1. Take the residues of the stretch 1-33 that are among the β-branched types (Val, Ile, Thr) and at pLDDT below 95: which is surrounded by the most Cβ atoms within 10 Å (Cβ to Cβ)?
2. If you go through the stretch 134-144 one residue at a time, do you hit one that is more than 16 Å from the chain's Cα centre (by Cα) and surrounded by 16 or more Cβ atoms within 10 Å (Cβ to Cβ)?
3. Which condition does Glu6 not pass, out of (1) within 13 Å of the ligand (Cβ to nearest atom); (2) more than 19 Å from Ile123 (Cα to Cα); (3) assigned to a strand (DSSP E or B), if it passes all the others?
4. Go through the residues of the stretch 53-74 one by one and say whether even a single one is more than 14 Å from the chain's Cα centre (by Cα) and of a type in the set (Val, Ile, Thr).
5. From the residues in the stretch 138-165 that are touching a helix residue (DSSP H, G or I) at 6+ places or on another chain (Cβ under 9 Å) and not aromatic (Phe, Trp, Tyr), which one is nearest to Val76 (Cα to Cα)?
6. Are any of the residues in the stretch 35-44 away from the ligand (no atom under 16 Å from the Cβ), under 29 Å from Glu155 (Cα atoms) and part of a helix (DSSP H, G or I)?
7. Do you know which of the residues in the stretch 66-85 that are away from the ligand (no atom under 14 Å from the Cβ) and without any contact (Cβ under 8 Å) to a residue 60 or more places away in the chain is farthest from Ala151 (Cα to Cα)?
8. Looking only at the stretch 63-114, count how many residues are surrounded by 21 or more Cβ atoms within 10 Å (Cβ to Cβ) and among the small types (Gly, Ala, Ser).
Amino acid sequence: MQISIEPLRLEDAAALVDAEDDATIRCLSEEKSTVAGTAEYISQLVRDAEQSRAKRAFGIWADGRCVGTVDFDPEVTDGLDTGDVNIAYGVAPWVRGHGVAVRAVELICAVIQERGVGHRAVIRTDSRNTASSRVAEKAGFVHLRDLQVLAETSEEGQPVVMHVFCRDLP
Ligand SMILES: CC(C)(COP(=O)(O)OP(=O)(O)OC[C@H]1O[C@@H](n2cnc3c(N)ncnc32)[C@H](O)[C@@H]1OP(=O)(O)O)[C@@H](O)C(=O)NCCC(=O)NCCS
C-alpha cells in the first residue's frame, strides 16, 4: 500500500467523515462528525496557523484515498515536558491492521524533524487502547511514564490511565 501524508484540505472533509467510527469518536473527534463541521474544523486550523498557533494536521492517504488524519501540536502540555511535540492519529476501519498508522507516524516525525518543531515526539494513549500503544511502539517510541486522568473515569468508575510514549528526534 502506498502511504503518504498531505496537509488537510477542505475537500477532505467528506472522506474524514466516512473514515470515522466509534473508536475515532472516542479518541479524537469526541462526537459524531458532519461534513460541514469537519470543514469548519479544517478552516479553523488554517486560521489558527495564521495566528501563529503551531498545530498542523495532515490527511493520511493510502493508495490515492484519504483514510484518516495525523497531527502534531507542540502546544499540548498535559503530561508532557517542555519541547515535546504531541502526535495524534486515526485511520478508517477498513485499512486498519496494515501498518497505515505506523507509517503515518513515521512520516509526521520526519516533518517535525525537518521543520525543527521540537526534539522529542510524544504519543499519549489511553491504556485500554492496545492498538494505539502498538502503533507508538512500532514507530520507535518508548514508554516514558503513565498518567492518571482524573477528569475522566472508565466504565468501572476508575480514573483513566494514559501511557506516554516518546521518541527523540535529534
Ligand atoms: C489506533 C489506530 C490508529 C491503529 O491504526 P492501524 O493502521 O490499524 O495500525 P497499524 O496497522 O499500523 O498497526 C499497529 C499495531 O496495532 C495492532 N492492532 C491493530 N488493531 C488492533 C486491535 N484492535 N487490538 C490490538 N492490536 C491492534 C496491529 O496488529 C499492529 O500491531 P502488530 O503488528 O504487533 O500486530 C486505529 O485503530 C484507529 O484509528 N483507532 C481509532 C482512533 C485512535 O484510537 N487513535 C489513537 C489516539 S492517539
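1. First, the residues of the stretch 1-33 that are among the β-branched types (Val, Ile, Thr): 3, 5, 17, 24-25.
Checking the rest, the ones that are also at pLDDT below 95 come to 24-25.
Details: Thr24: 21, Ile25: 14.
Looking at residues that are among the β-branched types (Val, Ile, Thr) and at pLDDT below 95, I get Thr24.
2. First pass over the stretch 134-144, keeping only residues more than 16 Å from the chain's Cα centre (by Cα): 142-144.
Subsequent filtering for residues that are surrounded by 16 or more Cβ atoms within 10 Å (Cβ to Cβ) retains 144.
Yes, the conditions are met somewhere in the stretch 134-144.
3. Only one criterion in (1) within 13 Å of the ligand (Cβ to nearest atom); (2) more than 19 Å from Ile123 (Cα to Cα); (3) assigned to a strand (DSSP E or B) is unmet by Glu6, namely (1).
4. Residues of the stretch 53-74 that are more than 14 Å from the chain's Cα centre (by Cα), as a first pass: 53-54, 61-66.
Checking which are of a type in the set (Val, Ile, Thr) leaves us with none.
No, that holds for no residue.
5. Applying the first criterion (touching a helix residue (DSSP H, G or I) at 6+ places or on another chain (Cβ under 9 Å)) to the stretch 138-165 yields 138-143, 163, 165.
Going one step further and asking which of them are not aromatic (Phe, Trp, Tyr), we end up with 138-140, 142-143, 163.
Values: Lys138: 23, Ala139: 20, Gly140: 21, Val142: 19, His143: 18, His163: 15 Å.
By that ranking, first place goes to His163.
6. yes
7. The first filter runs over the stretch 66-85 and keeps only residues away from the ligand (no atom under 14 Å from the Cβ), leaving 74-75, 77, 81-84.
Of the ones still in play, those that are also without any contact (Cβ under 8 Å) to a residue 60 or more places away in the chain are 74-75, 77, 81-83.
Details: Pro74: 22, Glu75: 20, Thr77: 16, Asp81: 20, Thr82: 22, Gly83: 25 Å.
Residue satisfying both the conditions and the ranking: Gly83.
8. 4
The values are calculated or read from the model by the stated rules, or taken from the named source; none is laboratory data. Quick caveat: nothing in here was measured; it's all calculated off a predicted structure. Cβ coordinates were reconstructed from backbone atoms using ideal geometry, including for glycine residues, and neighbour counts include every protein chain displayed.
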